[in-house]
Structure formats: C-alpha cells, structure tokens
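Worksheet: one structure, shown below.
Derivation of every value follows stated rules applied to the coordinates shown; laboratory data play no part. Being a predicted model, the structure only gives us computed values, none of them experimental. Note that each Cβ is placed from the backbone with ideal geometry, even for glycine, and that neighbours are counted across all protein chains shown.
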Amino acid sequence: MMAFRPTNVSKYKATAGKLEQDEAKLATKAASELMTLEEERVYREGVVSIRDLVAPAAFNVESSFLQLGSVFARTIFVVSYPRYISIGWSSPIISMSLTMDMAMFFYPVKSAIILKQLKNKVGALEAQINSDAEKGAPRDPVRETALRDIEQLRDNLTQGVEHFFQFAFYATIYCETKEKLDQISEDIENIFGSKLITSRKVLFQAEQGFNSTLPLANDELMIAFNMNSSPIAASFPFISAELTSDDGILYGINRHNNSLILFDRFSLQNGNMVVFAMAGSGKSYAIKLEILRTMMFGVDVIVIDPEMEYKHLSDAVGGTYVNISLSSESKVNPFDLPRPVGQEVAVDDIIRGAVITMKGLLRIMLGGVTTEQDSILDRALIETYAKKDITADADLTTVKPPIMQDLAEILEGMEGSGELVLKLKKYTEGTFSGLFNSPTNVEMRNQLVVFSVRDLEDELRPMAIYAIVNYIWNVVRSERKKRILVIDEAWWLMQNEDSARFIYALVKRCRKYYLGVTTITQDVNDFLKSQYGQAIVSNSALQLLLKQSPSAVDQVQKTFMLTESEKYLLLESGVGEGIFFAGQKHAAIKVVASYTEDQIVTTNPEQLLQIEQSKREFEAQMKP
C-alpha cells in the first residue's frame, strides 16, 4: 500500500483544476475563431471582387470556339514555319482592325541536347546522300540544303552565336457573331498561308487555347516549334515605323520609340498634306511650326487665313499680311491670267482655262445657273477677254486683264442675259462691289504671304477663297519655285461643288509646278463626305490626324483604315498628339516646339495677350 500526503493531494487537485480551466479557455477561443470565420465567410459572399467584375456573365465551351457572354472567341496556333521568315511577319495580323489577344512562349533548350540530335541528323543525311551517289541516282537538292543548314546551325550553337528554343505562338480573336468569327479565322489562316506559315484552329481545346492567351503566362496548349535565335528575333510583334530621314524638317517626336520624325514632304510622290483635327487640338500650331521650319530652307509659303491666326507669325518673320474684305485696299481680280514660263502652254489654252475657272466662280456668286445661262456666260467671258485684246496671239506679259464691270457690260448687250446682269449688279454696283471689281494690287514678292478673310461675311468667304486660290495658282504657274500653299478651314470650299472641284484639280496638278498644298479642316465629316474631299486625301502623300471628336472618328477610321487601337488613340490624344502618315508609313506623333518657336506660333489667347502686353511695355520703355 501507498499513502499520499495531504500536501501532494492538494497539489494534484490544483493542477487538475488548472488543466480544466485551460481546456475551457481553449474551447472558448476555438468557438470564437469558428464564429469569426463564419462571419468572414458570410461577409465575403456579399462583397464584389475584381474577379467578379471582369468575369463574363456566361461561359460556354464548344469544340472549336467558346462563348463569353455575347462574344465569340477562338484561338489559332502556328504549327510550322518556312525556311526563311521575314522581320515583322506577324505585323499584318497585329495590324488587323479587330480585338485580339496574342501569346508567345519561349522554352530554352540546352545546346548539348540539340547538338547531339543535329549530329545524328547530319549522319543520316550524309549516309543517304552517299548512298544515292553510289547508286548513280540524281542528287537531292532538298537533302543538300538541309545538310548545309544543319551544319551552319551546329557551328553557330557551338560558338554561342545562336541559342535554341521551342517557340509557341497563339492568337485568340474575338467577334460579335459566329459567322464573323469563322470569316476572320479564315482570313488569318490565309495571311499566314501566304507567308508559308502553317496555322490551325483549336479543336476540342478551345478553353485551353483561351487560357493560354490570358496574361497568366500559362501555356495549356503546349504546341511549340523548334527555332533558333535569329528567326525568333524576327517574330518580335511590335513594329513601329521609322520616319527619320537625312533631309527635311522636324515634325515631332515618334511616340512609339521616342525617335525624331524628320521628313521632307517634297521627297514623296507629291508634296501635298491634309490635316484633320477637332477645334483646339493644335492643328494650326503644328502647321505654323512646319511653316517656320520650312522657311529656314528657303521655301516660299502662302497661307489663306480665315481667323487671323497667322498674323503674329507673319509679323515675327517679316511676312506680307494681306487683308481681303469689302472695305480693304487690297484687291484680287479673279480675271487675272498666269504669265506662262517659256512656251510650255499655248495662250489659247490659258484663256480657255481662265474661262472655265471664272464660270466656276460665277456659279458660286450667282447661286447656280441654268444650261442656257452657262452657255451665255461662256460666250460673254470670251468676249470680255477679247475686249481687252486678250486673244490667242496676245502677249500675256503686257496685257491688262478685265474686271467684273467689263463682264457686266458685255452681258448687257447679249440676248437672254437679263437675270444674269441683275444678279451680277450686286458685285459691280451693290454691296459687294468692293470685292471683285478692281485690278489686283497685291504683291507676293515675299517668302511668307498670308491672305486673311476674317473680315468677310460667311456668304462671301467661299468665293473669296476661290478667287484668292486662283490668283495664287496663276502666280505659281508664272514662276516655278519650291512653294507651300496652306488652306486653313478648307471645308468652306467643300460646301460648293465648283470650288471643291477647283481645289481637287489644284491638288492634282500642283506637283508639276513644285507646289505642295496643305488643306486643314476641323469639320471632318463635311470634308470627307464630298467625293472631291476623298480625292484630295488620296492625292496627299502626307496626312496628320490629331485629336478627333467621337462624331467624326468613325469616318476618319474608315478613310484611313485605322485599327481600333489607333482609333482610340485619336480619341484620347492630348493637344498636339495624333498620327502622322508619310506615304505607306505612319506613326504616333507628338508635336514639340522650342521656347522661341512657341512664342511665335502659339494660338493660345492668354499667351498672345501676355506677348502683346510685354511688347507694349518694351515699346514704352524705349520711348525717350
């Protein structure tokens, strides 16, 4: 028998009681944690996560495609490549105007493994070639080419010049309908096939293909092709055009790679340019920068300014600023004729061309004419020139062209011209008589000449710009030299068919006279809806697209065949940002200027006010 001391019994009871208390605390704590977990679970069920936001409403997997909500998706993978692939071979696919996810996986392979396989392959090829030679069979160029390629690859791998990879290329396309998905899939396979690249659509692996092109770096298809470093480098998917040349001026910064966009507009098939942008996006700023930089190379510049935006630039460089208005002393006679260079054009042809041009202006002035009235005007214009001894045998360097009053007098003596005479009196004796009824007194012997039509009524602007452009065209044909003509707010001329046709003819023919025409407009829809507006764009080798309004961007995308990303770039661009086209190349551009250039070409009213104030303060300080 064993006896316990009373003290030991007390200690035992105390220890047992403490253990029970600890167990109770642990049970309470466990119950509390369980309750907390349950509360957290309930809370999380009512919280929207990022995954919930990006997940589609429905997910349906078929054999060759899958459906994400209302969108259909299909993955296309590349199976094999030709012996040679060109740099940027994937660019036609990337540049397609559709939504697409693309994935490229690179699996490095140790050179020792590949060299062993290549050695065995070389042995087999040499044995086959030798066997054919012993049998007297004709040589096999395919085997000989393969042998040379393998030997070259062995040398490059051994020297460390090349490395070996397994390369996987997948593209998942998204379309609104199953029919469009099938059509786009076929188009992509045809594009790959034209480059001798074999591609396939997924079959019973639609979900794996979709997962492989998600930004998770998870290749679930595992369809790779053995490839060395050089062709893999040619598979780099981001191709940006380099618009840097040895000659020309700086247009801006290439936003793709921060290189300079230097270009000579006269180095292309023509020197014409179109600029499309919404108000306040920097189009006039960009063109004034081009004018300033072009003048440094000795190029003459002529500007038609509808809003007096080029006055500050003209004053800064000592240009000629001509204000055309009803009360202005500066006059442009629409009856003026060019002074031909040498004997390139017959005088009779020049007179006929002048008559056709004047008829176009008169149709705008008179609000349209009937067939009979058109015939009367044709005879009257020929007689008007003849009245001033301007005939087929005249010397155009000495003749004095007629004015609108001379035409009115000729019409008064012609039968059936009563209505024409009545309408024409407004321009010879009435309110508008100060516009076209005087000889030309404008001098263009300056490197920069700006014609302002700001003070003209909206009704008179199209015909005034028509007459000014005709006068400029006559000067251009009289002396061949490098010039640029800038027509700001060209949509004014697109409102009338005759003026639109005239500008189109000018744009088409100006290259022969070393002239480049720049047409600027903010009313893109009106310009592009005209058949002549579309033709002007087609005959302009340079195009500058800045920020576009949502109402016009679809028309711009269709005209210039922009991708969806380029479309949204134009919608989201800042001031002076957009896309610059030069021939077949184009790149995202940001127009930049130095401080001095900015002070000269700025169109910011606040900045212009500060400049004027500083100028007045300086002049006040210089006074004695």
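Of note:
- A straight line joining the Cα centroids of the range 50-127 and the range 453-493 runs 55 Å.
- Taking other Cβ atoms within 10 Å as a rough exposure proxy, Met358, Met96 sort from fewest to most as Met96, Met358.
- Value of Rg to Rh for the range 455-502 (Rh from inverse mean 1/r over Cα pairs, i.e. Kirkwood): 1.00
- Contour minus Cα-Cα distance for Arg501 and Leu68 (0.36 nm per residue): 150.9 nm
- C-alpha long axis of helix 605-622 to longest principal axis of the chain, angle in °: 60 degrees
- Ordering Gln607, Ala582, Met622 by the projection of their Cα atoms onto the charge dipole of the range 582-624, which places +1 on the Cβ of Lys and Arg and -1 on the Cβ of Asp and Glu, puts Ala582 at the extreme positive end.
- In order along the range 542-549, the phi-based Karplus estimate (6.51 cos²θ - 1.76 cosθ + 1.60, θ = phi - 60°) of 3J(HN,Hα) comes to 10, 9, 10, 10, 9, 3, 10, 7 Hz; Gly and Pro are listed as x.
- Percentage relative contact order, the range 333-439, counting C-alpha pairs under 8 Å, at least six apart: 31 percent
- Annotation: amide H of Phe451 within the under-5 Å range of Val303, Ile304, Asp305, Val322, sequence separation 5 or more or interchain, hydrogens built in the peptide plane.
- Here the mean projected area of the convex hull built on the C-alpha positions of the range 391-521 is 9.9 nm².
- Here each label is just a point 7 Å from Cα along the line to Cβ, and for Thr198 and Glu38 those points are 6.2 nm apart.
- Candidates Phe502, Val476, Ala171 compared by Cα position along the dipole of the chain: farthest toward the positive end lies Ala171, with charges placed on Cβ.
- Principal-axis tilt of helix 461-478 within the chain, Cα atoms, nearest 10 degrees: 80 degrees
- Nearest 10 degrees, 0 to 90: helix 111-135 Cα axis against the chain principal axis: 80 degrees
- Plainly put, the range 333-439 has a radius of gyration that is 0.97 times its Kirkwood radius, both from alpha-carbon atoms, as the Rg/Rh ratio.
- Using Cβ point charges alone (K and R +1, D and E -1), the dipole size of the chain about the Cα centre works out to roughly 1940 debye.
- Entries of Lys547/Lys585; Lys311/Lys567; Lys331/Lys529; Lys283/Lys623 with Cα pairs more than 27 Å apart: Lys311/Lys567; Lys331/Lys529; Lys283/Lys623
- 16 Å cut-off, amide nitrogen to a point 7 angstrom out along Ser594 Cα→Cβ, residues in the range 314-330: 317
- Sorted by Cβ density within 10 Å, fewest first, the residues Met100, Met273, Met296: Met296, Met100, Met273
- Under-5 Å amide H pairs with His586, H placed in peptide plane, nonlocal only: Ala241
- Two-decimal log10 I(q)/I(0) for the chain, as the Debye equation yields it once each C-alpha is a single scatterer, q = 0.07, 0.10 Å⁻¹: -0.69, -1.00
- Rounded to the nearest 0.05, the FRET efficiency derived from the C-beta distance between Ser230 and Asp389 at R0 = 56 Å is 0.15.
- Counting other Cβ atoms within 10 Å as a rough exposure proxy, the listed residues Leu289, Leu118, Leu493 run Leu118, Leu289, Leu493 from fewest neighbours to most.
- Lys, Arg +1 and Asp, Glu -1 on Cβ, resulting dipole of the range 152-290 about Cα centre, debye, nearest 20: 260 debye
- Normalised by the number of residues in the chain, the mean separation of alpha-carbon contacts (under 8 Å, six or more apart) gives a relative contact order of 17 percent.
- Within the range 108-130, backbone nitrogen closer than 13 Å to the virtual label 7 Å beyond the Cα of Asp140 toward Cβ: 122-130
- Rounded Å value of the spacing that divides the Cα centres of the range 194-222 and the range 416-445: 72 Å
- Label point distance in nm, Phe297-Glu220, each placed 7 Å from Cα along Cα→Cβ: 5.5 nm
- Karplus-derived 3J(HN,Hα), 6.51/-1.76/1.60, for each residue of the range 565-577, Hz, glycine and proline x: 5, 5, 4, 6, 4, 5, 6, 9, 5, x, 5, x, 10
- Backbone phi angles across the range 355-362, fed through the Karplus curve with coefficients 6.51, -1.76 and 1.60 (θ = phi - 60°), yield HN-Hα couplings of 5, 4, 5, 5, 4, x, 5, 5 Hz in residue order; Gly and Pro are listed as x.
- Amide H contacts of Leu460: none lie under 5 Å away among residues 5 or more positions distant or on a separate chain (H built 1.01 Å from N in the peptide plane; Pro and chain starts excluded).
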